[in-house]
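Worksheet: the structure to be examined is printed underneath.
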Amino acid sequence: MSKPFNIVIAGFGWWGSHIAARLKDQPDFNIRAIVEPFEGNHEKIADAGLDLLTDFADALTLDNVDAVILTTPNPVHEEQITACAKAGIHVFCEKPLGLTAASARRSVAACIEAGVQLGIGHERRYEPALAALKSNIDSGAMGTIMHAEAAFSHDKLINVPAGDWRTSKAVSPAAGMTAMGIHLTDLLISYFGRVKTVQAMTGSRSLGWETGDIVTAQLGFEEGMTATLSAVLHTPHFIRMHVFGTNEWVEVINETHPDTPGGKVRYHSSKESYKVDTKTYEWEDAVLHNLQAFRKAAQGSAPYPFTNDELVHNIEVLEAIAISAEDRRTVQISEL
């Protein structure tokens, strides 16, 4: 068995503590420390039996650290990625990679120059039902792809404190895009390639957040197909991906969030009007699958399934959605 992959996790909020719980007993990973400046989380770190650092810079001077996993607020991602790259340490960044295309390009360039692996927290590509859908699209069996509809909504964040960074338009633009919607654009890019045009709007119905609590967007792809997506921050859980081809449509519905084991995933398909076939997939730990893929890529044993172009392009789409929602206009990706 290969030696454990020594990591530091930066941030111990909802997702950082979730990542730590996933990796704590994994033989392939060794959590060297948690970076968390917020004293309110220090007791939880101690209760988990993990070592604490309060300064991010200290993580980069520890002996024998292979990688840092960032679960930190969105605006510091570029600075922290660049610091890891300069220290020769692999870095896995929870989404979003950046808030602008220019920022994402700088982060990718820093990792390329330093020869370190950059990972991204888009675990949904590793869900078996969505992987099956991609294989079906790539095979051509669905015919010409016409359109897709995607949704990712829940109420997991409704109790964050007033003034939390997740509520800020500057830090988390376009309502639920940086929390949920960006997973949908990553999937759509992996299915259909580059986006050409974006039209988006946001709304605020119940939470009173500056950034809003509803986002919906229309995407036009360079290949000609279209897609719509939505993310709602205050509603019971709902995750859906529906792709329409000339020969077949496929709909994937998740019963649970990726952080919640046990839910089924339903794969509906139809090749004939009024006849729908259904296949059921068991929940799998896609978060862990993604982290394992990052580890293997960093150790040189397997390529990472995300290309640098895809990482940057997803942030181009995010930035375009934020601009379109703010200005109420169609945004060309070529503008960015």
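The values are calculated or read from the model by the stated rules, or taken from the named source; none is laboratory data. Predicted, not measured: the structure shown is a model, and the values here were computed from it. Cβ coordinates were reconstructed from backbone atoms using ideal geometry, including for glycine residues, and neighbour counts include every protein chain displayed. Surface accessibility is based on the protein's heavy atoms, side chains included, excluding ligands, DNA and RNA. Shrake-Rupley method; radii C 1.70, N 1.55, O 1.52, S 1.80 Å.
Please list the equivalent ellipsoid semi-axes of the chain, computed as the square roots of five times the alpha-carbon gyration tensor eigenvalues, in descending order and whole angstrom. Please report the intermediate quantities before stating the final value.
On the way: eigenvalues 202, 103, 83 Å².
Values for the chain, descending: 32, 23, 20 Å.
Could you compute Rg(Cα) / (2.2 N^0.38 Å) for the stretch 226-318, with N its residue count?
Here the Cα radius of gyration is 1.35 times the empirical estimate.
Treating only the Cα positions of the stretch 294-336 as identical point scatterers, give the base-10 log of I(q)/I(0) from the Debye formula at each q in 0.21, 0.24 Å⁻¹.
Each listed q corresponds, in turn, to -0.67, -0.77.
Would you mind listing how long the stretch 1-115 runs along its three principal axes, going by Cα atoms, in whole Å with the largest first?
Largest to smallest, the principal-axis extents are 40, 36, 23 Å.
Stretched out fully, how many nm does the piece from residue 282 to residue 30 gain, at 0.36 nm a residue minus the Cα gap?
Gain on extension, residue 282 to residue 30, equals 87.9 nm.
For the Cα atoms of the chain, what angle does the longest principal axis make with the long axis of helix 286-298, in degrees from 0 to 90, nearest 10?
60 degrees
Roughly what angle does helix 308-327 make with the longest principal axis of the chain, taking Cα atoms, 0 to 90 degrees, to the nearest 10?
For helix 308-327, the angle is close to 70 degrees.
Along the charge dipole of the chain, Cβ charges K/R +1 and D/E -1, which of 219, 238, 30 sits furthest on the positive end?
219
Using the heavy atoms of the protein chains and a 1.4 angstrom probe, tell me the accessible area per residue for the stretch 240-287 in square angstrom. Intermediate results must be reported in sequence, preceding the final value.
Working: 2540 Å² over 48 residues.
Here the residues of the stretch 240-287 average 53 Å² of exposed surface.
With a 1.4 Å probe and all protein chains left in place, how much of the accessible area of the chain comes from carbon and sulfur atoms, in whole percent?
Numbers: 7120 of 14370 Å².
Carbon plus sulfur share of accessible area: 50 percent.
So between residue 273 and residue 162, what do we pick up on full extension, going 0.36 nm a residue minus the alpha carbon distance?
On the way: separation 111, 0.36 × 111 = 39.96 nm, distance 4.90 nm.
Stretched fully, the residue 273-residue 162 segment lengthens by 35.1 nm.
Report the per residue volume, in Å³, of the convex hull enclosing the C-alpha atoms of the stretch 139-202.
On the way: hull volume 7.5 nm³, N = 64.
So the per-residue Cα hull volume is 117 Å³.
Given the DSSP H assignment, sum -39500 (n - 2.57) over each helix run of at least 4 residues in the chain and divide by its residue total; what's the result at 222 nm in deg cm²/dmol, nearest 500?
On the way: 9 runs with 100 residues, N = 336.
Counting only the DSSP helices, I get -9000 deg cm²/dmol.
Working from Cα positions, state the angle (0 to 90°, nearest 10) between the long axis of helix 14-23 and the longest principal axis of the chain.
Helix 14-23 and the main axis of the chain meet at about 80 degrees.
Using the Cα centre of the chain as the reference point, and only Cβ charges (+1 on K/R, -1 on D/E), how large is the resulting charge dipole? Debye, rounded to the nearest 20. Don't skip to the answer; put the middle values down first.
Details: 28 positive and 42 negative charges, 118 e Å.
So the dipole magnitude of the chain works out to roughly 560 debye.
How about the stretch 235-284: which chymotrypsin sites (Phe, Trp or Tyr not before Pro) there are in a DSSP loop, with at most 10 other Cβ atoms within 10 Å of their Cβ?
Values: sites: 238, 244, 249, 267, 274, 281, 283; in loops: 274, 283.
Taking the stretch 235-284 and a limit of 10 other Cβ atoms within 10 Å, the loop chymotrypsin sites (Phe, Trp or Tyr not before Pro) found are 274.
Post the alpha-carbon centroid distance, the stretch 277-336 to the stretch 168-227, in whole angstrom.
Taking the Cα centre of the stretch 168-227 as reference, the centre of the stretch 277-336 is 12 Å away.
State which entries of 134/275; 95/271; 44/296; 95/134; 24/264 exceed 31 angstrom in Cα-Cα distance in the structure shown. Let's see the in-between values first.
Details: 134/275 22 Å; 95/271 35 Å; 44/296 29 Å; 95/134 21 Å; 24/264 25 Å.
Long pairs (Cα-Cα over 31 Å): 95/271.
Take every DSSP beta bridge with both residues inside the chain and express the antiparallel ones as a percent of the total, to the nearest 5. Don't skip to the answer; put the middle values down first.
Numbers: 44 of 68 bridges.
Counting DSSP beta bridges with both partners in the chain, the antiparallel share is about 65 percent.
Pull out the extension gain between residue 329 and residue 3, defined as 0.36 nm times the separation in residues minus the alpha carbon to alpha carbon distance; nm, one decimal. Write out the running numbers ahead of the final one.
Working: separation 326, 0.36 × 326 = 117.36 nm, distance 5.22 nm.
Stretched fully, the residue 329-residue 3 segment lengthens by 112.1 nm.
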